[in-house]
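The values are calculated or read from the model by the stated rules, or taken from the named source; none is laboratory data. Computed from a predicted structure; not experimentally measured. Please note: Cβ atoms are built from the backbone with ideal geometry, for glycine as well, and neighbour counts cover all protein chains shown. To get the accessible areas, we keep the full protein, side chains included, count just its heavy atoms, and leave off ligands, DNA and RNA. Shrake-Rupley method; radii C 1.70, N 1.55, O 1.52, S 1.80 Å.
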Amino acid sequence: MRGLAALALAIAAAPLLAKDRDQPWRNAALSPDRRAALVLAAMTQDEKLAMVIGAFASEPAGKPDLRPPAEAREGSAGYVPGVARLGIPPLWQADAAMGVATQPTARTVRPAVALPSTLATIASWDEGVARRGGAMIGGEARRYGFNMLLAGGINLTREPRNGRNFEYGGEDPLLAGRMVGAQIAGIQSNGIISTIKHYALNAQQTGQFTLDARIDRAALRQSDLLAFQIAIERGRPGAVMCAYNRVNGDYACENDWLLNQVLKRRWRYPGWVLSDWGAVHSTVAAAKAGLDQESAATFDAMPYFGAPLAQAVAHGLVSPNRLDDMVRRILRSMFAHALIDRPVAIAPIDIAADTTVAQQVAERGAVLLRNRRAALPLRATALRRMVVIGGHADVGVLSGGGSSQVHPAGGNAVPGLHPTAWPGPVIYLPSSPLVALRRLLPDVRIDYLDGSDRQAAARAAAASDAAIVFATQWTAESQDTSLTLPDQQDALIAAVASSARRSIVVLETGGAVLMPWADRVDAILQGWYPGAGGGETLARLLTGVVAPSGRLPITIPRDDRAGRCAPLQDAPTPDVAFVVTYCEGAAVGYKGFDRAGRAPLFAFGHGLSYTRFAFGPPSVVRHGRGVRVSVAVRNIGTRMGAAVPQLYVERVAGGFEAPRRLAGWAKLELPAGETRRATIAVDPRLLATYDAAAERWIIARGRYRFRIGASSRDLGPAVALSLPCMGFSD
């Protein structure tokens, strides 16, 4: 029998060996490293040099003479040629965060299905949800002919005014790392590559091209870089995109400590580093510091990795081995993520099916912040007349702007809003909350006012059983924002709240906003940018078809003091606009609030449901270098709901960057009256501090307290555990 099996295998393998005798890297049984090495050995130097520089795949604004390559996917972000004679396809790159994006300069628009904002996905606290959303947008990318998505935004919310916070991972490194890692894994399940970005400290838009972000290295390892590290471990992205800004003096894309020492040496990252569009400033310095590919060279002052790199290699300024390493890393990711074995093929998009996925993500990420007097869910039996006010809720839901903008099937529901040019246009996805509410509450009269007349809105609210104000704030890449809602919406909400029998606010925002009216309204639903089908999603949440189950991934402040802890400093050199010193170190978000003893308006991790939960005392035991915690969770309400028991750790003797850290969580769907146990494994890095000099994580000997709760400020009694001193490397 053994001989027959061997013969069968040999017969099956023979055609493959004959077919691929001249291209052994086509053998999928070989490791990605071996396959990359085989291709590399067959490449000419010109082919290698062509693979480490990309082109913009659309006509740049104002530069009609710069036509994209004919082989590029028109309207997309980038194109890198392959090597056709060796069977290596090009890299067709699409911008992405919430879906397949079309460049604003494109002659034709590519309609796609938008996920809710990444911050909404993070707010689900559900890795399965993140993975399904990633799989959906990765599938659309593949069907549009893209084998690489510029997704995976994970930068921590250090500056709550950052215009790109809606694309990013919130304020906690564990939550961001696990959730973004899951989304990346979902994208790459389609046989395409996802990036992770922007490495590192891309925390604001003001001066982003020239600012120097200053921070202690140990603090950086325990915060933003820990988020990157966890996401890379879990999602295994094929590429890392380096940021525009400097970090501690050096540009992120020519920062030896970030790229060579941490990413490639300490973390043993096998993929490649590509630049953000316009983030390259040198040839030799960038190549030696670890940059492997210059993206869309037309965005840089000049092409640095084309002819200049060839000259640098010829003159011995960059070694041929370094060029080989650049190309090997690109090829390895292409093999590891099946770009060669599963070439992309253009196929139809299933808009309806993908919209269903987007709605599921949005439903699980919406956060019920306040629900006084059980104002929600809306019940037809308690309503005869209702008014919906503002936010263009009669026609659509808002989306965020910039390079991640997804263009919906059906077009912009509110065309012509400013800015109409970059980073616009402002786009409302055509999914009306008003229409969906009327469908779900057919026996209730539901009026609509646009909110431009506050007095009329107040009168309509007084004449109704319930008034819902849809409040919006558009945010976008390239510009920071205010924490105050624009267009006097605070005054509108206050006017409605003063006269309404039941007042409800739905927020469509990219992140935190101030809510001076919070104590005066009955209910607040944080809907974020809810994505395709978002109108239906918000209506289902408001009427209780589904219960809100999201929890805040950021802190909502009471006042405008949130954010930067030190003023901007003068530029040390003419090409640096200013220095931003992140003196909060690793105490980002809720940790900074806790350290300063400041009370937030709504705490990190906060979120209500239409039912209630009780958490039992945690059981805490050592497990390897880490800790394992289990807790009983009971639904003590009257309907199905999702509980999110959150585990926080405190060091009794101090030594953490803040009084407590998120150490883990679970998410459980529970019917009314049911009890289940959740088990949470604590990563030892969450018990440690980083010793930058020794390049090791150190768990200090002593007692640690563990608390389970519903948010960072709603915690149960502590259970203490003594841990020995332990040191370990990445």
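Here are some notes:
- Condition met for Leu437 (at pLDDT 95 or above and touching a Ser or Thr at 6+ places or on another chain (Cβ under 8 Å)): yes
- Residue ID - farthest from Leu175 (Cα to Cα), chosen from residues in the range 576-608 that are open to solvent by 20 Å² or more (accessible area, probe 1.4 Å) and in contact with a strand residue (DSSP E or B) (Cβ under 9 Å, 6 or more places away or on another chain): Ala577
- Residues located in the range 142-156, provided they are touching a Pro at 6+ places or on another chain (Cβ under 8 Å) and either open to solvent by 10 Å² or more (accessible area, probe 1.4 Å) or among the small types (Gly, Ala, Ser) (or both): Arg143, Gly152
- Boolean, Ala185 is over 11 Å from Val580 (Cα atoms) and either out of contact with any Asp or Glu (no Cβ under 6 Å at 6 or more places or on another chain) or hydrophobic (A, V, I, L, M, F, W, C) (or both): yes
Table: residues versus (1) over 12 Å from Gly390 (Cβ atoms); (2) open to solvent by 10 Å² or more (accessible area, probe 1.4 Å); (3) free of Cβ contacts under 8 Å to residues at least 24 places away in the same chain.
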| position | (1), (2), (3) |
| --- | --- |
| Leu437 | yes, no, no |
| Arg454 | no, yes, no |
| Ala460 | no, yes, no |
| Glu477 | yes, yes, no |
| Ser482 | yes, yes, no |
| Ala497 | yes, yes, no |
| Arg501 | yes, yes, no |
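- Filtered residues of the range 157-176 (kept if part of a helix (DSSP H, G or I) and either crowded, with 24+ Cβ neighbours inside 10 Å or hydroxyl-bearing (Ser, Thr, Tyr) (or both)): Asn165, Phe166, Glu167, Pro173, Leu175, Ala176
- Of the residues making up the range 512-529, just one is touching a helix residue (DSSP H, G or I) at 6+ places or on another chain (Cβ under 7 Å), of a type outside the set (D, E, K, R) and open to solvent by 10 Å² or more (accessible area, probe 1.4 Å), namely Pro516.
- Failed condition for Gln359, given (1) within 27 Å of Val496 (Cα to Cα); (2) at pLDDT 95 or above: (1)
- Complete set of residues in the range 458-488 that are in a strand (DSSP E or B) and under 20 Å from Gly424 (Cα atoms): Ala471, Thr472, Ala476, Gln479
- Options Ala57, Ala41; residue that is over 30 Å from Leu398 (Cα atoms) and either modelled with pLDDT under 95 or open to solvent by 10 Å² or more (accessible area, probe 1.4 Å) (or both): Ala41
- Residue in the range 239-251 that is under 20 Å from Leu686 (Cβ atoms), among the aliphatic types (A, V, I, L, M), in contact with a Ser or Thr (Cβ under 7 Å, 6 or more places away or on another chain) and touching a residue at least 40 places away in the same chain (Cβ under 8 Å) present: no
- Taken over the range 709-730, the criterion of being in a strand (DSSP E or B) and more than 12 Å from Arg660 (Cβ to Cβ) is satisfied by Ala710, Asp714, Val719, Ala720, Leu721, Ser722, Leu723, Met726, Gly727, Phe728.
- Residue in the range 416-425 that is touching a residue at least 40 places away in the same chain (Cβ under 8 Å), among the aliphatic types (A, V, I, L, M) and buried (at least 17 other Cβ atoms within 10 Å of the Cβ) present: no
- Total residues in the range 357-384, condition touching a residue at least 24 places away in the same chain (Cβ under 8 Å) and part of a helix (DSSP H, G or I): 13
- Residues that are modelled with pLDDT of 90 or more, small (Gly, Ala, Ser) and open to solvent by 40 Å² or more (accessible area, probe 1.4 Å), drawn from the range 9-36: Ala28, Ala29, Ser31
- Checking each residue in the range 296-310 for being closer than 9 Å to Thr283 by Cβ and aromatic (Phe, Trp, Tyr) picks out Tyr304, Phe305.
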